[in-house]
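A.B. asks: One structure, as structure tokens, below. Some questions next.
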Amino acid sequence: MSTPRIFGMVLAGGEGKRLMPLTADRAKPAVPFGGSYRLIDFALSNLINSGLRRIVVLTQYKSHSLDRHISMLWRMSPLLGSYVASVPAQQRLGKRWFSGSADAILQSMNLLSDEKPDIVVVVGADHIYRMDFEQMIKDHIASGRGLTVAAIRQPMAIANQFGVVEVDDKDPTKIAQFREKPSDPKGLPDSPNEVLCSMGNYVFTASALKEAIELDGELETSGHDMGGDIVPYFVAKGDAGVYDFTKNDIPGATERDHAYWRDVGTIDSYYESHMDLISVMPIFNLYNSEWPIHTQQVNLPPAKFIHDAEGNQGRTNDSIVSLGTVVTGGIVERSVLSPNVRVQSRALITDSVLMDNVVVGRDATVRRAILDKDVTVTDGASIGVSRERDLARGFTVTDSGITVVPKGVTVTP
């Protein structure tokens, strides 16, 4: 049997409204993460590490920084036809944008015609995880089905936040029903208090995907969504299987970070996933060199921690600090600092995420906050100390108390 031709498609066209203001000036997959990365780096790294070499990224909203990141970092050798290409909305079917994730594929059907793949791997661009898609692809081919959905086990109590896969009583690899955010979920046969939640990753037999997408495009009542319309189509035909993510084996993974997956679609989940990175034994380990997460390494000097003129020593505890950062007489605790951050005398930063080129002045305080690129916190100013004060200044403050300062803002006392 010949080796199947496998093609990867990354859906990166969403607006990311729930991540505002971080998506005010960029596409959601281009949002920085973990100091040196962007969200899309996780999906692309997983596909590349899994052996895929022909990948397209379907973009739409505010895609300039995303397109630039892909073109500068994700350059594959063309010798064997390898590439990662950013494909914007092209309005091939009329003067309209993508009306859903399935419509994005419909309007990009020329890509499938050009590549003529046997298998198509379709993934989202805004989740934090490690996954070997080769294992899922092998299961899909062996099943003979048109679609396989990757799913992760979650407590039944949070089933109403996800698309839930209910398996066949006689065949736990077959999807009997797919329900969006059910209030009365059905537990798993081998674990009644758990459900299988869709991860937004799919493996299709190419011919079946083409048929389903084209039929969906003709339905005026369809939402043209992969989870809401395409998956139920395959389920109704009895042609949908499920891949249990817990059996995915990643080289270098530990028991603690095995089968980690986080949807960072909200400010709170984005913040919490950063906090997952910084413990001594992290819940998600960025330092697994056997399954690396690739990104663009900027040309900056190493981080530096020095004392100020008064003898206050710059120091950090339980934090990630990126290249080019200088901490001068300030204190950083349980935080993630991106490249080229400056922390000055007697400043205190705790439980926060600081993006590129942020400056925190003398005697300033940053607490439980996310500071976007090029934010300046002037001497004596505070963020995250007074909810009322932060709201009065126009900053976003979540119900859990996370303050977000938009790109380029100067914060004064």
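A.B. asks: Scan the stretch 190-204 and give yes if some residue there is more than 29 Å from THR316 (Cβ to Cβ), in a strand (DSSP E or B), among the β-branched types (Val, Ile, Thr) and in contact (Cβ under 8 Å) with a residue 24 or more places away in the chain, otherwise no.
C.D. replies: yes
A.B. asks: Anything in the stretch 39-51 that is surrounded by fewer than 24 Cβ atoms within 10 Å (Cβ to Cβ), of a type outside the set (Ser, Thr, Tyr) and outside any helix (DSSP H, G or I)? List them, or say none.
C.D. replies: GLY51
A.B. asks: Within the stretch 87-106, does at least one residue satisfy the condition of being surrounded by fewer than 16 Cβ atoms within 10 Å (Cβ to Cβ), in contact with a His (Cβ under 9 Å, 6 or more places away or on another chain) and of a type in the set (Ser, Thr, Tyr)?
C.D. replies: yes
A.B. asks: Then there's this: Residue under question is THR410, and the condition is that it be within 22 Å of THR325 (Cα to Cα) and surrounded by fewer than 17 Cβ atoms within 10 Å (Cβ to Cβ); does it hold?
C.D. replies: Judged against the criteria, THR410 is a match.
A.B. asks: Among the listed residues HIS224, HIS258, identify the single one that is under 30 Å from PRO117 (Cα atoms) and at pLDDT below 95.
C.D. replies: Every option except HIS224 fails the conditions.
A.B. asks: Hey, another quick one. For the stretch 100-125, which residues satisfy the criterion of being modelled with pLDDT of 90 or more, closer than 13 Å to GLY200 by Cβ and not in a strand (DSSP E or B)?
C.D. replies: Correct list: ALA125 only.
A.B. asks: Continuing with this model, one more query. Can you name the number of the only condition in (1) part of a loop (DSSP other than H, G, I, E, B); (2) out of contact with any Gly (no Cβ under 6 Å at 6 or more places or on another chain); (3) within 24 Å of ALA24 (Cα to Cα) that VAL385 fails?
C.D. replies: Only one criterion is unmet by VAL385, namely (3).
A.B. asks: Quick one: which of ASP356, ASP351 is among the charged types (D, E, K, R), crowded, with 16+ Cβ neighbours inside 10 Å and either free of Cβ contacts under 8 Å to residues at least 40 places away in the same chain or within 30 Å of TRP74 (Cβ to Cβ) (or both)?
C.D. replies: Criteria check complete, one pass: ASP356.
A.B. asks: Does GLU166 satisfy the condition of being over 22 Å from the mean Cα position of the chain (by Cα), within 23 Å of ILE128 (Cβ to Cβ) and modelled with pLDDT of 85 or more?
C.D. replies: Considered against the rule, which asks whether it is over 22 Å from the mean Cα position of the chain (by Cα), within 23 Å of ILE128 (Cβ to Cβ) and modelled with pLDDT of 85 or more, GLU166 comes out as no.
A.B. asks: Which one of these is touching a His at 6+ places or on another chain (Cβ under 9 Å), over 20 Å from PRO21 (Cβ atoms) and buried (at least 19 other Cβ atoms within 10 Å of the Cβ): GLY324, GLY361, GLY329?
C.D. replies: It is GLY329.
A.B. asks: So MET131 clears everything in (1) over 30 Å from PRO189 (Cα atoms); (2) touching a helix residue (DSSP H, G or I) at 6+ places or on another chain (Cβ under 6 Å); (3) not aromatic (Phe, Trp, Tyr) except one condition, right? Which one?
C.D. replies: (1)
A.B. asks: Does the stretch 367-382 hold any residues that are within 13 Å of LEU337 (Cα to Cα) and not in a loop (DSSP other than H, G, I, E, B), and which are they?
C.D. replies: ALA369, ILE370, LEU371
A.B. asks: Also, quick follow-up: Which of the residues spanning the stretch 344-358 are in a strand (DSSP E or B) and over 22 Å from GLN297 (Cβ atoms)?
C.D. replies: Those that are in a strand (DSSP E or B) and over 22 Å from GLN297 (Cβ atoms): LEU348, ILE349, THR350.
A.B. asks: Can you find a residue in the stretch 57-79 that is at pLDDT below 85, out of contact with any strand residue (DSSP E or B) (no Cβ under 7 Å at 6 or more places or on another chain) and either closer than 21 Å to ALA206 by Cα or not in a loop (DSSP other than H, G, I, E, B) (or both)?
C.D. replies: Yes - at least one qualifying residue is present in the stretch 57-79.
A.B. asks: Anything in the stretch 210-230 that is in contact with an Asp or Glu (Cβ under 9 Å, 6 or more places away or on another chain), of a type outside the set (Gly, Ala, Ser) and part of a helix (DSSP H, G or I)? List them, or say none.
C.D. replies: Within the stretch 210-230, ILE213, ASP216, ASP229, ILE230 meet the criteria.
A.B. asks: Considering SER269, SER279, SER207, which residue is assigned to a helix (DSSP H, G or I) and under 28 Å from THR398 (Cα atoms)?
C.D. replies: Testing whether each residue is assigned to a helix (DSSP H, G or I) and under 28 Å from THR398 (Cα atoms) leaves just SER269.
A.B. asks: Tell me the residue from PHE204, PHE162, PHE245 that is among the hydrophobic types (A, V, I, L, M, F, W, C), surrounded by 13 or more Cβ atoms within 10 Å (Cβ to Cβ) and over 22 Å from THR266 (Cβ atoms), please.
C.D. replies: PHE204
A.B. asks: Which is surrounded by 18 or more Cβ atoms within 10 Å (Cβ to Cβ), touching a helix residue (DSSP H, G or I) at 6+ places or on another chain (Cβ under 8 Å), aromatic (Phe, Trp, Tyr) and farther than 29 Å from SER322 by Cβ, of PHE33, PHE7?
C.D. replies: PHE7
A.B. asks: Taking the stated definitions as given, is THR3 of a type in the set (S, T, N, Q) and free of Cβ contacts under 8 Å to residues at least 12 places away in the same chain?
C.D. replies: So THR3 fits the description; yes.
The values are calculated or read from the model by the stated rules, or taken from the named source; none is laboratory data. This one's a predicted model, so the numbers in the text were calculated from it and none came from an experiment. FYI the Cβ positions are ideal-geometry reconstructions off the backbone, even for glycines, and counts take in every protein chain you see.
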